[in-house]
Amino acid sequence: MAATLMEGRPLAERIRGEVAAEVVGLGGIGLATVLVGDDPASEIYIGRKHEAAAAAGIDARDVRLPPSTTEDELLRLVGELNADDAVDALLVQLPLPAHIDPDRLARAVDPAKDVDGFHPENAGELYLGRPRLVPATAVGIMALLAEHRILLTGARAVVVGRSAIVGKPVAHLLLQANATVTVCHSRTEDLARHTLDADVLVVAVGDAEVVTADMVKTGSVVVDVGMNRTENGLVGDVDPDAADVAAFITPVPGGVGPMTIACLLQNAVRCARLRRSGTY
Ligand code: NDP
């Protein structure tokens, strides 16, 4: 392996320590999470968020609702949490049961408490180049790149995946950092033509090893967001052999994953600061 591993855990640990100090400085902050239904993966994610929040001294409320919860009932609860002054930051875990419209939900969360950055107002601010509350995975990717002093100005960045949760926000942040950004997706023809051109390649597809080593430019920086459960365990979207070609690469697990949770806590602090200072 030639590439330097961009490990997420040490940086995430540091960020979580900084968050804990800020929480003390703010006299405590409150986070509320809402989980509808009993999706096992969602239960694991919510559990990890609460573990991390508790370790950072964040007062976290874990609201669980049955799968039969109606959209109106959920919207009513979100309204109550929006109005609750003890709640600085609020998230509703995705995916939601099929009978609940995630877009309606995203709009219902107070944009000032929108710790996930999914509200159209926050997405719009990012689009306009004024990032305020940005989805944590995208923030975490940028923090990892900064930690390794990856030069972005003028770099050719290629993002594979265009979800509102990862692909689009990270593409906007890279653009803001003055990279020249290409976004690829399932209808992109000849994906390798684009990936081979990338100085910085971010892959967020959800398909095990969709990017093979021969699709990676020599000496490039590769960020693998994918988390795919296979019979060989948890694997990314990029073939690990890409480490023989790239200069920097994130491991899976232990790369982007830990950064997402740390940056979610950072966003919670940001929510508290923005709201309490009235600067939102
Ligand atoms: P989505 O399913 O919402 O989006 C996947 C994107 O990949 C879509 O834009 C889709 O294109 C594109 N795509 C699908 N197949 C191909 C292909 N063959 N070639 C090029 N593009 C393709 O997923 P998410 O963005 O939510 O997540 C992506 C991955 O990242 C998943 O593995 C997920 O588990 C992981 N993840 C990891 C996190 C972490 O903390 N490490 C956090 C969040 C996600 P189209 O739009 O055309 O359908």
> Which percent of the Cα-Cα distances in the stretch 171-280 go past 16 Å?
Replying inline: 64 percent
> In bins 10 Å wide, starting from 0, what share of all Cα pairs of the stretch 211-250 does each bin hold, as a percent?
Replying inline: 34, 51, 15, 0
> With a Cα-only, solvent-free Debye model of the stretch 36-194, what are the log10 I(q)/I(0) values at q = 0.17, 0.18 Å⁻¹?
Replying inline: -1.12, -1.20
>> I'd like the GluC sites (Glu not before Pro) in the stretch 147-220 restricted to DSSP loop residues with at most 14 other Cβ atoms within 10 Å, sorted by number.
In response: Glu189
> Plugging the Kirkwood radius over Cα pairs into Stokes-Einstein for the stretch 1-113, at a temperature of 20 °C and a viscosity of 1.002 mPa s, what D comes out in µm²/s?
Replying inline: 137 µm²/s
> Just how far, in whole angstrom, is the stretch 136-203 from the stretch 86-127 if you go by their alpha carbon centroids?
Replying inline: 23 Å
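None of the figures in this text is laboratory data; all of them are computed from the coordinates on show. All of these numbers come straight from a predicted model, not from anything done at the bench. Note: ideal-geometry Cβ built from the backbone for every residue, glycine included; neighbour counts use all protein chains shown.
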